[in-house]
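Coordinate-derived values only; no laboratory data. No experiment lies behind these values; they were computed from the predicted model shown. Because the Cβ atoms are built from the backbone with ideal geometry, glycine has one as well, and the counts that use them run over all protein chains shown.
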Amino acid sequence: MVANPTLLFADRDGQAATATSERLLAVENVNLEYRTRERIVRATHDVSFDVYGGDRFVLLGPSGCGKSTLLKAVAGFIQPTSGSISLDGQIVRGPGADRIVVFQEFDQLPPWKTVLQNVAFPLRVAKKLSRAEANERALHYLEKVGLASFANAYPHTLSGGMKQRVAIARALAMQPRVLLMDEPFAALDALTRRKMQEELLRLWEEVNFTLLFVTHSIEEALVVGNRILLLSPHPGRVRAELNSHQYSQDSFGRSDFQRSVARIHHLLFEQTETVQ
Ligand SMILES: Nc1ncnc2c1ncn2[C@@H]1O[C@H](COP(=O)(O)OP(=O)(O)O)[C@@H](O)[C@H]1O
Ligand SMILES: [Mg+2]
């Protein structure tokens, strides 16, 4: 237990204490760029972080600081211009079933497939499961997100929150080494968003996966994460790394939670901040 409930800066001991196993993902001195015909846009500058098994690791920073680009690089969709990303000690060179992304958009489910087919299909293709095995596993994960009774529904009949729960079930059913989430709740109304954060934490307790989660919401970062990497505005550089495992949904409105929000806000937006 943390004696002082204010925000702690992560140190090596802090990292080891929050991790349930060894280092899974290593991002080292990563620069990411977009080259357009007219110019080069630098998305991140010299970013390094480690994710351990069982972490709920959050990348937090303002819009445009390169969070999505970083996540795409971890997913293997784009390559760093320098630095390296490795998973289980192997350099990431492209996409793989060991890293599955849940996006913000509600249209990530093919509309012509039922909920069950949406979850089962990647299991058949990538995991080579038989139809029966894939359906069984898909149903198992749909139960976990409370949507087993919607197995035969089509995506357009579901609310935004339900669609995101299907996307989460589909991702977890693949049993990735690390689940990547890019602002998955940002397009939801505030109440649904809170509910989804709560459900994600419950799922994490139950299924015990490793999460790399992107958000621009300080409150969401504190609630969802056990560790938070703060990125400066464009191009994203590491401002600080924090431990935040002491917070949960119940922390909203508490004074220590509000103090942490204010402190992170200051760290993100004040150039002259000295880290004490
Ligand atoms: N396809 C692209 N081509 C050129 N620039 C891009 C592209 N995608 C993103 N960028 C730029 O890279 C920077 C980081 O973008 P992004 O990773 O989407 O930030 P975030 O997810 O933190 O909002 C921004 O300045 C953005 O305008
Ligand atoms: Mg983004």
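Tell me, yes or no, whether the stretch 104-126 has at least one residue that is touching a strand residue (DSSP E or B) at 6+ places or on another chain (Cβ under 8 Å), within 16 Å of ligand 1 (Cβ to nearest atom) and not in a helix (DSSP H, G or I).
Yes, the stretch 104-126 contains a residue that is touching a strand residue (DSSP E or B) at 6+ places or on another chain (Cβ under 8 Å), within 16 Å of ligand 1 (Cβ to nearest atom) and not in a helix (DSSP H, G or I).
When you go through GLN117, GLN90 one by one, which is the residue that is more than 23 Å from ALA187 (Cα to Cα) and buried (at least 16 other Cβ atoms within 10 Å of the Cβ)?
Result of the check over GLN117, GLN90: GLN117.
LEU242 - would you say it is over 14 Å from the mean Cα position of the chain (by Cα) and either part of a strand (DSSP E or B) or surrounded by 20 or more Cβ atoms within 10 Å (Cβ to Cβ) (or both)?
For LEU242, the condition - over 14 Å from the mean Cα position of the chain (by Cα) and either part of a strand (DSSP E or B) or surrounded by 20 or more Cβ atoms within 10 Å (Cβ to Cβ) (or both) - is met.
Inside the stretch 50-87, can you point out the residues that are surrounded by fewer than 21 Cβ atoms within 10 Å (Cβ to Cβ) and under 16 Å from ALA240 (Cα atoms)?
ASP50, PRO62
Taking the stretch 201-228 only, how many residues are outside any helix (DSSP H, G or I) and over 12 Å from the mean Cα position of the chain (by Cα)?
2
Residues are listed down the side, and each one gets a yes or a no for (1) more than 16 Å from ligand 1 (Cβ to nearest atom); (2) closer than 27 Å to LEU129 by Cβ:
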residue: THR44; (1), (2): no, no
residue: VAL47; (1), (2): no, no
residue: GLY76; (1), (2): no, yes
residue: GLN79; (1), (2): no, no
residue: GLY96; (1), (2): yes, yes
residue: ARG99; (1), (2): yes, yes
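Mind listing just one residue for me: the one in the stretch 93-114 that is away from ligand 2 (no atom under 16 Å from the Cβ) and among the β-branched types (Val, Ile, Thr) and, of those, surrounded by the most Cβ atoms within 10 Å (Cβ to Cβ)?
Out of the qualifying residues, it is ILE100.
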